[in-house]
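The structure under discussion appears below in the form of structure tokens.
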Amino acid sequence: MQARITIITPSFNQGRYLEQNILSVISQQYPDTEHIIIDGSSTDNTKSVLEKHKNKLAYVVSEPDKGQADAVNKGFAKATGEIIGWLNSDDYYAPGALQAVSKAFSNPTVNVVAGSTIIFDEKGKERKTEPTVTEKKNLNYHLRFPDINQPSTFFRRSVMAEFMPLNTGLHYIMDRELWIKYIQQYGTDNTLSIDDVLVYFRTHSESKSTGKRDEFDNEYATVLRHFALLNNMNDVASLLESRYTINPSYTYTFPKYPGKETTLNMVRNFFLRRGTLVFTPEEFKFAKEAYPILDIKDYRVIEEEKSGLERAKSVAGCINWLHFRTKRKINHLRGAR
């Protein structure tokens with residue numbers, strides 16, 4: 001007998017995409033699917049779409065909420081499936097996705113199943129992403145950059161329950177915080193990566209993933225700052241405060257917190273990926289100060305950090321902003337020849 005799979009869909013004013021989302025679940029023809037939709041009292045055509053398909057939905061509610069995390073929490077409270085998937089209202093499943101997930105979970109030691117996602121835009125441009133965990137994205141990778149390919153990552157409900165509810169104080173990285181909690185507790189040994197494309201992820205002008213990089217960075221910096229403070233790394237916490245907008249009301253509950261070395265590597269990775277992109281005097285000042293505080297000189301980088309390390313070294317080797325700008329202009333002119 002195949003396990004019940006619960007799909008939780010948070011939704012708000014995405015009625016033009018919602019029907020495709022619902023139909024993608026229905027068309028799976030998986031024998032025991034529970035689709036729960038939590039709508040934040042949409043004002044578009046969402047309610048008519050929900051009414052049209054209500055007989056195929058296990059639970060639907062349309063009421064004001066505190067955002068996406070709150071909606072997923074409400075859905076999780078109603079879920080009865082052994083396997084949990086979280087599919088946003090503007091995304092949809094690939095054919096055969098749930099069968100592939102169910103087969104992977106037939107191994108009782110598996111806590112998490114991770115597949116691939118096709119990211120596409122309204123012009124039809126597509127690119128395929130890697131699963132959350134691969135040989136490339138192993139535990140060492142995730143202890144530096146705990147990224148999660150959320151739409152194509154499914155959890156065993158009993159394990160996910162240990163880390164719920166999602167943090168309603170986060171609006172952009174609530175899924176990343178969940179993943180940090182998970183890998184700190186379990187690592188990646190009980191995660192199974194599969195080759196299948198499971199989800200089509202839509203980018204459009206209203207999606208959070210479009211044009212919200214600063215908001216993502218500010219929330220992640222807020223989380224990292226708290227880890228730094230917990231590990232008495234006050235200089236690192238102050239460094240993050242100097243560059244990012246920290247949410248002073250952020251609250252957190254972790255079964256197991258990252259230690260000092262893990263936290264330092266997380267901040268180093270964040271700095272090398274994002275903090276070394278220097279275009280203003282303020283960004284130069286931050287990168288210049290971060291280099292010695294984070295002890296970048298002797299840091300052993302992973303592949304994804306190498307270009308950031310070169311940028312960091314370039315900043316560290318400059319006397320001031322004018323020196324940096326002049327050096328970069330000269331290098332640009334040399335490259336243009």
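Values quoted throughout were computed directly from the atomic coordinates according to the rules given, and no laboratory measurement underlies them. Not measured: the values here are computed from a predicted model. Heads up, the Cβs are rebuilt from the backbone with ideal geometry, glycines too, and the neighbour counts pull from every protein chain shown.
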Q: Could you work out the relative contact order of the chain, using alpha carbon pairs under 8 angstrom and six or more residues apart, expressed as a whole percent?
A: 15 percent
Q. Which net charge results for the neighbourhood of residue 269, defined as the other residues with beta-carbon distances under 14 angstrom from its beta-carbon, given Lys and Arg at +1 and Asp and Glu at -1?
A. +2
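Calculate the dipole size of the stretch 218-337 relative to its Cα centre from +1 charges on Lys and Arg beta carbons and -1 charges on Asp and Glu beta carbons; express the result in debye to the nearest 20.
640 debye
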Q) If you stretched the chain out fully between residue 194 and residue 257, how much longer would it get, using 0.36 nm times the residue separation minus the C-alpha to C-alpha distance? A) 19.8 nm
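Output the antiparallel fraction of DSSP beta bridges having both residues in the chain, as a percent to the nearest 5.
30 percent
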Q. How big is the chain by the Kirkwood estimate over distinct Cα pairs, in Å?
A. 21.5 Å
Q: Can you grab the distance from the C-alpha centre of the stretch 23-73 to the C-alpha centre of the stretch 214-256, Å, no decimals?
A: 34 Å
Q. Taking only Cα atoms, what is the 0 to 90° angle, nearest 10, from helix 15-26's long axis to the longest principal axis of the chain?
A. 60 degrees
Q. In angstroms, what radius of gyration and Dmax does the stretch 1-94 have, counting Cα atoms only?
A. 12.1, 41
Q: Starting from the exponent 0.38 and prefactor 2.2 Å, build the expected Rg for the stretch 178-337 from its residue count and divide its actual Cα Rg by it.
A: 1.20
**Q.** Loop chymotrypsin sites (Phe, Trp or Tyr not before Pro), the stretch 253-310 (other Cβ atoms within 10 Å of the site Cβ: 14 or fewer; DSSP)
**A.** 279
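Can you list the trypsin sites (Lys or Arg not before Pro) in the stretch 1-77 that are in a DSSP coil and have 15 or fewer other beta carbons within 10 angstrom?
For trypsin sites (Lys or Arg not before Pro) across the stretch 1-77 that sit outside H, G, I, E and B with at most 15 neighbouring Cβ atoms in 10 Å, the list reads 66.
With a 10 Å Cβ neighbour count serving as the proxy for reagent exposure, in which order, fewest first, do 191, 245 appear?
In order of increasing Cβ crowding within 10 Å: 245, 191.
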Q: Have a look at 150, 281, 110 and report the one farthest towards the positive end of the charge dipole of the chain, computed about the Cα centre with Cβ charges (Lys/Arg +1, Asp/Glu -1).
A: 281
**Q.** Viscosity 0.692 mPa s, temperature 37 °C, Stokes-Einstein D of the stretch 132-177 from Kirkwood C-alpha radius, µm²/s
**A.** 277 µm²/s
Q: Quick one: grab the alpha carbon gyration tensor of the stretch 181-275, order the square roots of its eigenvalues as a ≥ b ≥ c, and give me rounded if a/c is under 1.5, else prolate or oblate depending on whether a/b is larger than b/c.
A: oblate
Q | Proximal lysines to residue 256, defined as alpha-carbon separation beneath 28 angstrom and excluding residues fewer than eight positions away on the same chain | A | 66, 74, 78, 136, 137, 181
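Dipole of the chain, Cα-centred, from +1 at each Lys and Arg C-beta and -1 at each Asp and Glu C-beta, to the nearest 20 debye?
1140 debye
Summing +1 for each Lys or Arg and -1 for each Asp or Glu, what net charge is found among the other residues whose Cβ lies under 15 Å from the Cβ of residue 128?
With Lys, Arg at +1 and Asp, Glu at -1, the neighbours total -1.
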Q) How far apart, in nm, are two points set 7 Å out from the Cα along the Cα-to-Cβ line at residue 77 and at residue 20? A) 3.2 nm
Q: Could you tell me, in Å, what Rg and Dmax come out for the Cα atoms of the stretch 5-203?
A: 15.9, 47
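Taking the beta-carbon count within 10 Å as an exposure proxy, list 153, 280, 222, 80 from fewest neighbours to most.
Lowest to highest Cβ neighbour count: 280, 80, 222, 153.
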**Q.** Neighbour-count ranking [beta-carbon atoms within 10 angstrom, fewest first] of 46, 33
**A.** 33, 46
